[in-house]
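**Student:** Got a structure for you, questions after.
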Amino acid sequence: MSRATADSLRVDASRLWARLEALGEIGAVHGPNGERGCARLALTDADRDGRDLVVRWMTDLGMAVSIDAVGNVVAVHAGANDELAPVMVGSHIDTVRTGGRFDGNLGVLAGLEVVETLITAGVVTDRPVAVAVFTDEEGARFQPDMLGSLVYVGGMALEDALDVRAADDGARLGDELVRIGYAGPTPCPAAGAPHRYLELHIEQGPVLEDEGVAIGVVTGVQGISWTELTITGQSAHAGTTPMRLRHDPGFVAASITAGVRRIAAELGGTQVATVGRCEFSPNLVNVIPATVTMTVDLRNTDEAILQDAEGRLAHLCATLAAAEGVAVAQRTLARFEPVAFDPAMVDLVEATATALGHRTRRMPSGAGHDAQMLARVCPTAMIFVPSVNGLSHNIAEHTEPEHIAAGADVLLQAVLACASA
Ligand code: HGY
Ligand code: MN
Ligand code: MN
């Protein structure tokens, strides 16, 4: 293939958009103001239906599709020399319960669009091109997040992953894989590493839109710390129990929620802290709770500061527990250190986007991604495109078609750059 041919290749943006729309109809959630989101929690029937659709598209493109023991789907488009390790692109298609149509889906479907563009143009790359759909990237139902790609790269034992219990209904991950027909025969961790990994993803934050920049050149992913707190007190009558004699886990949960906001303010910089889940039991208007189960999500680009935040949370819990006379049990749901992407791959994304005429800016990712796991086994980088109003994990999530096209063209050209032997 001539350099001129390669440089002139562009994706079919309307074909990509049509696939995003079609996949977005599976598990569709419609909001009161015309929002069109997605609810496809990992390994639910909706996730199965989304997987089935994507696998059909992969098969229709003549790709060799394999499914591994943790449900990761990897489809390979042949190159001139299939002895060579593939260039892999991909992401996830599971969503949070109030998810959007682009988070994860874009990376997978843009990968398919890259392959179809190569086929349509009759371009044969030296290396195979693989498109991956990783299981349970969100971690909303089964923790940790990025579970499928973590097992894929050998960061979590398969048996441990299969035994994870769902936060919502207690289902065992391995049983759910069997139930939806995605307990695959391919062993994991994967036998060999990709040559390179590239992931196109929406930014999920406000920076690119705010600065009017089309392409984010992602330098890495910040550290993630997820903790589940189970606070056990004394359940009693709300009317008869004097305040001074209470052991109220609800009060401690509220104090922790306020406390993590204070910790983030004290640390400043990129520190973020979120209480996303908080469940009272028995959750009744006239009963002082017996227990409260809640989660704390702490993130920072700096590992030492993230550890400082974790220490402050632990101290806060111990102080509140002693003062209120309750017990606070901690369980780590996810813990990943910050990841820096391969400098040469980051440079490639930046140069590719610039050559295509797009403004770029380098930035860390606030969200976790499968790319942070693939970075453990091969040179990896990510491409961001803007999120309207910086919203994601929200059914109002949206990215403009021209940004979808821009990101997919950068992915296409970066894959071409990596796929020559
Ligand atoms: O939580 C995250 O950052 C990702 O969406 N799993
Ligand atoms: Mn995602
Ligand atoms: Mn997400």
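A short reminder: the numbers here are calculations on the coordinates, not readings from a lab. Source: prediction; values computed, not measured. Every residue, glycine as well, gets a Cβ built from its backbone with ideal geometry; the counts of neighbours run over all protein chains shown.
**Student:** Which FRET efficiency value, to the nearest 0.05, is calculated for L61 and V178 with the Förster distance at 30 angstrom and r the Cβ-Cβ distance? It would help to have the intermediate numbers written out before the result.
**Tutor:** On the way: r = 27 Å, r/R0 = 0.91.
Here the calculated transfer efficiency is 0.65.
**Student:** Using 0.36 nm per residue of separation minus the Cα-Cα distance, give me the extension gain between D169 and H315 in nm, one decimal.
**Tutor:** Contour length minus Cα-Cα distance gives 49.4 nm.
**Student:** Sorted by average packing, counted as other Cβ atoms within 10 angstrom per residue and highest first, what order do 10-18, 376-384 take?
**Tutor:** Ranked from most to least packed, the peptides come out as 376-384, 10-18.
**Student:** Right, something else. What FRET efficiency do you get for R362 and H30 if R0 is 56 Å and r is their Cβ-Cβ distance, rounded to the nearest 0.05?
**Tutor:** For R362 and H30, the calculated efficiency is 0.95.
**Student:** How much length would be gained if the chain were fully extended between D342 and A13, taking 0.36 nm per residue of separation minus their Cα-Cα distance, in nm to one decimal?
**Tutor:** The D342-A13 span can extend by a further 115.6 nm.
**Student:** Right, another one. 5 Å is the cut-off here: which amide hydrogens, built 1.01 Å from N in the peptide plane, fall below it relative to A334, excluding neighbours closer than 5 in sequence?
**Tutor:** W226
**Student:** Calculate one ³J(HN,Hα) per residue across the stretch 136-147 by plugging θ = phi - 60° into the Karplus curve 6.51 cos²θ - 1.76 cosθ + 1.60, and present them in order as whole Hz with x for glycine and proline.
**Tutor:** With coefficients 6.51, -1.76 and 1.60, one gets 6, 5, 5, x, 6, 9, 10, 9, x, 6, 6, 4 Hz.
**Student:** How high is the relative contact order of the chain, given as a whole-number percent (alpha carbon pairs under 8 Å, six or more residues apart)?
**Tutor:** Dividing the mean separation by the residue count of the chain yields 23 percent.
**Student:** Could you give the distance between the Cα centres of the stretch 99-150 and the stretch 183-239, to the whole Å?
**Tutor:** One Cα centre to the other: 15 Å.
**Student:** May I ask which residue of G104, G139, S14 lies farthest towards the positive end of the charge dipole of the chain, with charges of +1 (Lys, Arg) and -1 (Asp, Glu) on Cβ and the Cα centre as origin?
**Tutor:** Most positive-ward Cα: G139.
**Student:** Provide the FRET efficiency to the nearest 0.05 for the R331-I119 pair, computing r from the beta carbons and using R0 = 41 Å.
**Tutor:** For R331 and I119, the calculated efficiency is 0.30.
**Student:** Work through the residues other than P379 whose Cβ is under 13 Å from its Cβ and net out their charges, Lys, Arg +1 and Asp, Glu -1.
**Tutor:** Local charge sum for P379: -1.
**Student:** A follow-up question, please. Per DSSP helix of 4 or more residues, -39500 (n - 2.57); summed, then divided by the residues of the chain. What does that give at 222 nm, rounded to the nearest 500?
**Tutor:** -11000 deg cm²/dmol
**Student:** Here is a further query. What's the angle, to the nearest 10 degrees (0 to 90), between helix 45-60's Cα axis and the longest principal axis of the chain?
**Tutor:** Helix 45-60 sits at roughly 10 degrees to that axis.
**Student:** Considering only C-alpha atoms, what is the centroid distance from the stretch 315-380 to the stretch 17-75, in Å?
**Tutor:** One Cα centre to the other: 25 Å.
**Student:** Taking the Cβ of A171 as the center, what net charge do the other residues with Cβ under 14 Å away carry, scoring Lys and Arg +1 and Asp and Glu -1?
**Tutor:** Charge balance in the 14 Å sphere: -3.
**Student:** Residues with beta-carbon under 12 Å from that of D210, excluding D210: net charge, scoring Lys, Arg +1 and Asp, Glu -1?
**Tutor:** My count for the surroundings of D210 gives -2.
**Student:** Same structure, new question: What do you get for the angle between helix 401-418 and the principal long axis of the chain? Use alpha-carbon atoms, 0 to 90 degrees, nearest ten.
**Tutor:** Approximately 60 degrees, to the nearest ten.
**Student:** Each residue of the stretch 264-272 in order: what ³J(HN,Hα) in whole Hz does its phi give by Karplus 6.51 cos²θ - 1.76 cosθ + 1.60, θ = phi - 60°, with x for Gly and Pro?
**Tutor:** Coupling constants for the stretch 264-272: 4, 5, 5, 7, x, x, 8, 4, 10 Hz.
**Student:** For S281 and E211 in the same chain, what is the full-extension length gain: residue separation times 0.36 nm, less their Cα-Cα distance, in nm?
**Tutor:** Between S281 and E211, full extension yields 20.7 nm more.
**Student:** Got the relative contact order for the stretch 223-336 handy, in percent, Cα pairs under 8 Å and 6 or more residues apart?
**Tutor:** For the stretch 223-336, the relative contact order is 45 percent.
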